[in-house]
Amino acid sequence: MGSALIEQKPEKQKAEKKSPRTTAPRAKAPEPSEPPESPQTQEAQEAVEAPSPTPSRAESRWELLLRTWQEIDMPDGWRAEIREAGIVLVPPPAPAHNDIAALISAQLHDVLPRHIAIHQGTPVVIPDRERMRAPDLMVFPRSALPQRRGDGVDPAEVLLVVEIASKSNADDDRTAKRYEYAGAGVPLYLLIDGYDSRGSSISLFSTPRDGDYDGRTTVEWGKPIELPEPFGCSLESSEFRVPLD
């Protein structure tokens, strides 16, 4: 899937311009000559002309991106994420992509209690890294469900994130998302990668530490992969089809 980038930059404050000083004509120059302006007057002029202090670039950029993200009117099926480059619009996934998500969701529903939610596209907010991600699947307690659009799920509440790699954006799933989820403390990250150069594969990353995952289990596409508690199940992938997008 391709994606569209909306780059947002904080507006810079403009310095106020002072009108030129005008003086009425005089018949005779005053004696003695007028004294220079006092230091206090000069400092006052400089304070007017200099831009006012602004919040740090990281803080103001995040606030601007988040507000813009909340105001975007997206077409049906599209999602918006906040990435390193800014706001990125993600088009609807291919049918095979959706089918994998549905197959995973059905298996998880069989082993999880009703108070655990399995969502597609609900955002998770990572403010420390100025990120807003909309995973293909995310598992979290229903008590952590955001009440308003744009709030996002707290990553501390997330039990599992699932990403199904797209051909045009697989590197983002393999690297950027992996580090972001690990840095936010998401305990389990399941990557469904049909475009791995070594062969289509399924990887489960676990035990986040220092911005990455210490544990990784990888199986061939179509093979089952074990999910630890609170899932305690073997996730079947024999019906998965590689998305042709």
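Looking only at the range 219-244, count every residue that is surrounded by 16 or more Cβ atoms within 10 Å (Cβ to Cβ) and within 18 Å of Ser166 (Cα to Cα) and tell me the total. Total satisfying the criteria: 5.
One line per residue, one yes/no per condition, for (1) in a loop (DSSP other than H, G, I, E, B); (2) within 18 Å of the chain's Cα centre (by Cα):
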position	(1), (2)
Pro146	yes, yes
Val186	yes, yes
Tyr195	yes, no
Phe205	no, no
Gly215	no, no
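Scanning the range 155-184 for residues that are closer than 27 Å to Ala144 by Cα and outside any helix (DSSP H, G or I) yields Val158, Leu159, Leu160, Val161, Val162, Glu163, Ile164, Ala165, Ala184. Restricting Gly152, Gly194 to those that are within 22 Å of Pro91 (Cβ to Cβ) and touching a strand residue (DSSP E or B) at 6+ places or on another chain (Cβ under 7 Å) reduces the list to Gly152. Would you mind stating whether Asp212 is open to solvent by 20 Å² or more (accessible area, probe 1.4 Å) and farther than 30 Å from Leu244 by Cα? The answer is no for Asp212.
Just one of the listed residues (Ala182, Ala176, Ala170) is modelled with pLDDT of 95 or more and either open to solvent by less than 10 Å² (accessible area, probe 1.4 Å) or of a type in the set (A, V, I, L, M) (or both), and it is Ala182.
The residues of the range 121-139 that are over 13 Å from Val90 (Cα atoms), in contact with a helix residue (DSSP H, G or I) (Cβ under 6 Å, 6 or more places away or on another chain) and at pLDDT 90 or above, listed by number, are Val124, Leu137.
Residue count for the range 57-101 under the criterion of being among the aromatic types (Phe, Trp, Tyr), in a helix (DSSP H, G or I) and open to solvent by 30 Å² or more (accessible area, probe 1.4 Å): the result is 1.
Taken together, the residues in the range 116-150 that are under 14 Å from Ile82 (Cβ atoms), of a type in the set (Gly, Ala, Ser) and either in contact with a Lys or Arg (Cβ under 7 Å, 6 or more places away or on another chain) or buried (at least 17 other Cβ atoms within 10 Å of the Cβ) (or both) amount to 1.
In this entry, Val153 is excluded by the filter for residues that are open to solvent by less than 50 Å² (accessible area, probe 1.4 Å) and within 24 Å of Trp221 (Cα to Cα). For the range 223-233, does any single residue satisfy the condition of being small (Gly, Ala, Ser) and in a helix (DSSP H, G or I)? Looking for residues that are small (Gly, Ala, Ser) and in a helix (DSSP H, G or I), one finds none in the range 223-233, hence no.
In the set (1) surrounded by 23 or more Cβ atoms within 10 Å (Cβ to Cβ); (2) out of contact with any His (no Cβ under 7 Å at 6 or more places or on another chain); (3) farther than 17 Å from Ile116 by Cβ, the condition left unmet by Ile164 is number (2). Looking across the range 84-115, the residues that are touching a Lys or Arg at 6+ places or on another chain (Cβ under 7 Å) and touching a residue at least 60 places away in the same chain (Cβ under 8 Å) come down to Val90, Ala96, Asp99. Residue check: Glu49 meets all listed conditions (1) modelled with pLDDT under 85; (2) within 25 Å of Glu157 (Cβ to Cβ); (3) not aliphatic (A, V, I, L, M) but one, namely (2).
The values are calculated or read from the model by the stated rules, or taken from the named source; none is laboratory data. Please read all numbers here as calculations on a predicted model, not as lab measurements. With ideal geometry, Cβ positions are generated from the backbone for all residues, glycine too; neighbour counts draw on all protein chains shown. Accessible surface is based on the protein model in full, side chains and every heavy atom, while ligands, DNA and RNA are left aside. Shrake-Rupley method; radii C 1.70, N 1.55, O 1.52, S 1.80 Å.
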